[in-house]
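The structure under discussion appears below in the form of structure tokens.
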Amino acid sequence: MLKCRTVWKKLAPLARASSTVCRQNVRRTGLNNSRIPACVPVAHMSTGPAGGGRENQLYVLLVGAACVGGAIYTYRTVKGDNQRYQDRIDEISSRPYKRATEEPATPIQSEPPVIPEPEPEAAPSPEPQAAPSPEEPSPLAPDAAVAAPIETTEPPPADEPVVVASPEESAEPPAAPVVEEEPSPPSEPSPAELTEPPPAPVVESEPAAAESPAEPTEPQPEVVAESGGPAPASLKVPSHTPYLLIGGGTASFAAARSIRARDPGAKVLIVTDEPDPPYMRPPLSKELWFSNDPSVTETLRFKQWNGKERSIYFQPPSFYINAEELDGAENGGVAVLTGKKVVHMDVRGNKIKLDDDTEISYDKCLIATGGVPRNLQVIERAGEEVMKKTTLFRKIEDFKSLDKVSRNIKSITIIGGGFLGSELACALGRRSTEYDLEVVQMFPEKGNMGKVLPEYLSNWTTEKVKSEGVKVISEALVKSVVCKDDKLEIKLKDGRLVKTDHIVAAVGLEPNVDLAKSAGLEVDSDFGGFRVNAELQARSNIWVAGDAACFYDIRLGRRRVEHHDHAVVSGRLAGENMTGANKPYWHQSMFWSDLGPDVGYEAIGIVDSSLPTVGVFAKATAKDTPKAATEKSGTGIRSESETEDTAISPVASLTPAPNVGQHKDEYGKGVIFYLRDKVVVGIILWNVFNRMPIARKIIKDGEEHADLNEVAKLFNIHDD
Amino acid sequence: MSYCRQEGKDRIIFVTKEDHEAPSNAELVADDPNDPYEEQGLILPNGDINWNCPCLGGMASGPCGSQFKEAFSCFHYSKEEVKGSECIDNFRNMQECMQRYPELYPQEEDKESSQAEASSSSVSAAPTEGSALPPETDSTPATSTSESAVSSDSTSLIDNQTAS
């Protein structure tokens, strides 16, 4: 005891210099020893001991080294244990899915000619692909890193499964029916699995699932039996995605494209509750109705004036990759998860929950949930009989059902006089003669587009709609709707009664802000929708675009826009900002409407009929129709002609437009300016096309123009 | 004869062609070409390629996006006498990739991609893509100045839009 103390005393100076532990000991012993105070001054003064010299030094060195060595050993052991524990956990969890990653690797390598070959390649491939594991909330990156060492540390067992697998693979060309692989995996892996550890057998069945989306159910039972994995027929959803887009509409698709363009190899996951991949909505109320193809409801393709055809889907299915392949995709990709609704959003934890309780975490999230068509209260209260005969028009399925219904009934009534209502009325009106269908349109305003067009133009438009075969009932407020003798009776406030077979309610859109509550996001009380800033950001990792976004427009103030081009522009912008661009909403979006083939307009900015307007018109000629515009510009949809503006040279020769007869009306073509405090905030190009850039410029400038006729000259309205 | 009429808060002006012949004296604010907020064309002010240009459609973002970017970048920065002559491999990769997705890149792209290699305009790549992925209804007809001359390619852009 005493000896220790003396030793420590001598060591004090050196110990203090080398380790804290030693120091503490010294202090402790020092407190009990009266000799210490005497030693202390010596300690501070020199590093070498007063006496004893070299021997002491050596002794001290050895002890010091031992202490340090001990410390290092302890540290390493603890860390190693930790690591091993983590490895073990990861290995267990990744077990069922690991080989899923190997298999996709084989087709990517085309045909592995030699059996051993796939193995080394398969080994690294689990690294990036790791294991899509719904049960594992933790990010997959560490899993992947961990999985790799496991693979390499267990080559002998791993060999066999791979070898077992690859003959399957190489024997049959990857394109060959996956069917062949299916019977073999069950038989081979089962014995193998009992002896071998993880991935192989279960994974055998996995690749089948991964490769052939058509047969996900068959391998699944194997998985379930073997590993207690996901429920049969459910696709594996990645538990983490760098970019998550909630909603599968126009804004979402535009954002996905933008992200992929700017972030090489980006992995984008779109989650939508619709059964379809992203598609464009305008043709649903316009071009699709004018198609002569009887199978249009299936193909959803439409032929345009010049014979060009396209689908309403932005991209064919081959553009997208499967959700479960998203993690492993070398160059990233866009995956669409259809039929899944996001029900809960945890902003703090950066994750969302689906309606099947799957959780997906994200780095950056876009909310592009769009909206749900509004309904009239009188209809909602009228009971199920009435609801069954009512269509709220928004999606592909609504188009399909309305098309079907309209062929089998005698009378249809559209409630609502805005864009959608008027377009559908015109579309159905064209069918009215063909199918002996009475088309009625009713709305509270004085004329069609009453909230958009100044009164004189609204009246003119209403006449146009009437000539399309529609019975227009203006200043109509619906009081009640009842179902009598299998017909609907609509009673208006002024007493008029309308009997019809089916109702289409086009009375506005309710923005979908269901996630606002769980996410704690602000909802705008004036315009509805999520409140976001000029850069479309709601929170640091959350952006909102499209119909659901109430954003700050630097030029025009806070607003919410429900148009197609806005969805494209805002989606693109959100995608850019999600990849670090930090740009505000600046490029003004436009919108358009066609009321039949003879009249159409394009508009930009705030186009509200309550604002003072200045309209500058010229007389229209036969050449001023949307039909002629498309023929001239060689595009089918005017929506496309904007993009291809400069790239176009007229393809078709200008065929004379059908003789539209004499224009009794004066508003053939022109420009209408909407003013707010003497500044032009909105412009309508009435039957004047391909001049949107000029209109955009005028709005962007935000100048006060003394004479708007001079501004109108910029549009050359008299020219074609 | 032009005349004007007022209906409440709305003013209506009818103009004859002659009255609109005189050039406008309306003043427009000069555009700043380096405005960071503005939508950029295909080539950014610093010379880089704007992969998000609507004119490219989905070329840079599709399944063959990375191959396309490599090929096009190589071509763009090529200083050879025959521009892009050292990029043959990149273009071949791109073509191979595209052949794996015939639905997205219809087979007319064979002649398009050879045009892309031969022609010195960047927009020739756009028709290759444009044929398969019709541009979105975007309001930006953005193209760089060098492309404006390539009307023949643009024509094929339209022709090729008969999607599969």
Checking A:LEU453, A:LEU428, A:LEU488 in turn, the sole residue that is part of a strand (DSSP E or B) and crowded, with 22+ Cβ neighbours inside 10 Å turns out to be A:LEU488
Give me the residue from the range B:46-75 that is more than 16 Å from the chain's Cα centre (by Cα) and of a type outside the set (Gly, Ala, Ser) and, out of that set, farthest from the other protein chains (Cβ to nearest Cβ). B:PHE75
Residues of the range B:15-28 satisfying the condition of being facing chain A (nearest Cβ under 7 Å) and either crowded, with 19+ Cβ neighbours inside 10 Å or of a type in the set (Gly, Ala, Ser) (or both): B:VAL15, B:HIS20, B:SER24, B:ALA26
Go through the range A:663-703 and give me each residue that's in a helix (DSSP H, G or I) and in contact with a strand residue (DSSP E or B) (Cβ under 7 Å, 6 or more places away or on another chain). A:MET692, A:ALA695, A:ARG696, A:ILE698, A:ILE699
Matching entry among A:TYR362, A:TYR320 (being out of contact with any helix residue (DSSP H, G or I) (no Cβ under 8 Å at 6 or more places or on another chain), buried (at least 17 other Cβ atoms within 10 Å of the Cβ) and more than 23 Å from A:ALA549 (Cα to Cα)): A:TYR320
I'd like to check something: does the range A:564-575 contain any residue that is in contact with a strand residue (DSSP E or B) (Cβ under 8 Å, 6 or more places away or on another chain), facing chain B (nearest Cβ under 8 Å), among the acidic types (Asp, Glu) and crowded, with 22+ Cβ neighbours inside 10 Å? yes
Selection count where residues are over 12 Å from A:ILE606 (Cα atoms) and either among the small types (Gly, Ala, Ser) or at the interface with another protein chain (Cβ under 8 Å from one of its Cβ atoms) (or both), scope the range A:661-694: 6
Quick check on this structure: which one of A:GLU522, A:GLU535 is surrounded by fewer than 16 Cβ atoms within 10 Å (Cβ to Cβ), farther than 23 Å from A:PHE443 by Cα and touching a strand residue (DSSP E or B) at 6+ places or on another chain (Cβ under 9 Å)? A:GLU522
Among the residues of the range B:29-38, is any more than 8 Å from every other protein chain (Cβ to nearest Cβ) and farther than 30 Å from A:GLU704 by Cα? no
Among the residues of the range A:269-284, write down those that are farther than 30 Å from A:ASP363 by Cα and either within 13 Å of another protein chain (Cβ to nearest Cβ) or among the acidic types (Asp, Glu) (or both). A:PRO282, A:PRO283
Just for helices (runs of 4 or more DSSP H) wholly inside the range A:293-393: which have at least 3 residues that are touching a Cys at 6+ places or on another chain (Cβ under 9 Å)? A:384-388
When you scan the range A:285-311, how many residues do you find that are within 14 Å of another protein chain (Cβ to nearest Cβ) and either at pLDDT 95 or above or over 21 Å from the mean Cα position of the chain (by Cα) (or both)? 14
What residue, of A:SER361, A:SER291, A:SER318, is without any contact (Cβ under 8 Å) to a residue 60 or more places away in the chain and within 24 Å of A:GLY575 (Cβ to Cβ)? A:SER318
Quick one: how many residues across the range B:14-39 are over 26 Å from A:TYR456 (Cβ atoms) and touching a Ser or Thr at 6+ places or on another chain (Cβ under 9 Å)? 1
Among A:SER467, A:SER458, A:SER480, which is the only one that is closer than 22 Å to A:GLY670 by Cα and either surrounded by fewer than 15 Cβ atoms within 10 Å (Cβ to Cβ) or more than 39 Å from the chain's Cα centre (by Cα) (or both)? A:SER467
Looking only at the range B:47-57, decide whether some residue is assigned to a helix (DSSP H, G or I) and more than 30 Å from A:VAL679 (Cβ to Cβ). yes
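The values are calculated or read from the model by the stated rules, or taken from the named source; none is laboratory data. What you see is a predicted model; the values in this text were computed from it and never measured. Note: ideal-geometry Cβ built from the backbone for every residue, glycine included; neighbour counts use all protein chains shown.
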